[in-house]
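Notes to accompany the following structure.
The numbers here are math on the coordinates, done by the rules we state, and not lab data. Quick caveat: nothing in here was measured; it's all calculated off a predicted structure. Glycine also receives a Cβ, built like all others from the backbone with ideal geometry; neighbour counts cover every protein chain displayed.
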Amino acid sequence: MIKQPLKNLAIIMDGNGRWANRRGLNRTKGHEKGAEIIRDVTTYCAKHPSIETVTFYAFSTENWKRPKLEVEFLMKLLDRYLKDELETYQKNNVQFKAIGNMNAFSTKLQKRILLTEEATKHNKDLIHILALNYGGRAEITDAVNRLIAEGKTVLEESDISSALQTPYSDVDLLIRTSGEERVSNYLLWQMSYAELYFTETLWPDFTNSELDEIISDFEQRTRRFGGLS
Ligand code: IPE
Ligand code: IPE
Ligand code: MG
């Protein structure tokens, strides 16, 4: 049987708070540990022969509803993460890209994001995307508004696909950790024929060996796209 090649991987990293609570720690400790897992998974994906992009859900348009202190911590963590990760991106030939509405972030953080994108733009082994203040509905709405502003009155699906922020229009595999089985406004357009994988593992406990098993499972699946196998 021919193996299904995995090109575009998307991950909903969930369960940081529960991981910390179970250890009697502050939720912020779960986010810190979670950031380390992103680094491991990115390095794995950069070495993988078929993966071209990996898109991590780091902050949703709905996550502003969380306590102010947690939101502030996440913003600081993100700035620190990008500063520290530049070396990992360069060493592993990884291009960094952010999707979402960055206008809501501090000028310092926006600069850090742009600087990291600029510094890694020629790296070719993997595109590592962080979804930040991202919502699938907002992304589609923005794309349509942009096309209207360009003077389009009737849209083709391909117009919308190419106006999205992601460099791809189809996710092949979506993994969500922590046992929750929902998509929480993530990559709604891109997910139309994605294979879904839900694991009970909390994000801070996620390992590359579990990822390896999930990818093997994906490679065995038959994708029909509405046709017959
Ligand atoms: C995911 O972990 C990280 C973000 C949403 C930023 P959570 O913070 O949602 O962790 P749980 O779901 O409360 O355990
Ligand atoms: C989804 O996780 C968003 C991110 C992982 C960034 P949430 O924990 O915010 O999702 P819900 O609220 O459980 O659906
Ligand atoms: Mg959660």
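Structure notes:
- Among 91-99, 216-224, 140-148, the peptide with the highest mean count of other Cβ atoms within 10 Å heads the list, and the full ranking is 91-99, 140-148, 216-224.
- As a length-normalised measure over Cα pairs under 8 Å and 6 or more apart, the relative contact order of the range 1-137 settles at 30 percent.
- With all pairs of separate Cα atoms included, the chain yields a Kirkwood hydrodynamic radius of 18.4 Å.
- Of the cross-linked pairs K29/K68; K29/K121; K29/K124, those separated by over 26 Å at the C-alpha level are K29/K121; K29/K124.
- Estimated inter-spin distance, R39 and L196, nm [label 7 Å along Cα→Cβ]: 3.3
- Order of Y186, Y193 - criterion: other Cβ atoms within 10 Å of each residue's Cβ, fewest first: Y193, Y186
- Its relative contact order, with pairs defined as Cα atoms under 8 Å and 6+ residues apart, puts the chain at 28 percent.
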